[in-house]
Amino acid sequence: MRAVSLVLLSLLAAGLLGCGPPPQSLYQDFQHEDPKVRIAAAVLAGKFKDAKSVPYLIDRLSDAEEDVRFVSFLALREITGQTMGWNYYDPPAHRSEAVIKWRQWLIENRPKGPQVPQDEERP
């Protein structure tokens, strides 16, 4: 139940931060040495449905800390609506397979950049 307690605490903290876009330091916080900071980053990413956080959240699915993995998954599910079969309670080999699916999903769904209109009168 430690994971649930941390999630609730993180959600409460995120609710006190107010509205607006996520802070720029969010992306650095995914790499922070303190798991509580990584958890808070995942909570914020999910709260703001920050699509730019998806690659960081996918990386955190392999975090050494179970709580970080769990909250990162919740944020990914909130942002993308996908699970890719990932479950925090699965053995590491099964979770690794799901992370591969997540990475493939990211490649297939990453924005391709701005579309450049093509001239119809090209020779």
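Quick check on the stretch 33-54. Is at least one of its residues modelled with pLDDT under 95, farther than 23 Å from TRP102 by Cα and out of contact with any Gly (no Cβ under 9 Å at 6 or more places or on another chain)?
No.
Regarding SER25, is this residue surrounded by 21 or more Cβ atoms within 10 Å (Cβ to Cβ), modelled with pLDDT under 95 and not aromatic (Phe, Trp, Tyr)?
So SER25 does not fit the description; no.
Limited to the stretch 71-108, what total is found for residues that are acidic (Asp, Glu) and free of Cβ contacts under 8 Å to residues at least 12 places away in the same chain?
2
Can you find, within the stretch 87-101, the residue that is nearest to the chain's Cα centre (by Cα) among those that are assigned to a loop (DSSP other than H, G, I, E, B) and over 16 Å from ALA42 (Cα atoms)?
Step by step, filter the stretch 87-101, then rank; the result is ASN87.
The values are calculated or read from the model by the stated rules, or taken from the named source; none is laboratory data. Here the structure is a predicted model, which means the values were calculated and not measured. Every residue, glycine as well, gets a Cβ built from its backbone with ideal geometry; the counts of neighbours run over all protein chains shown.
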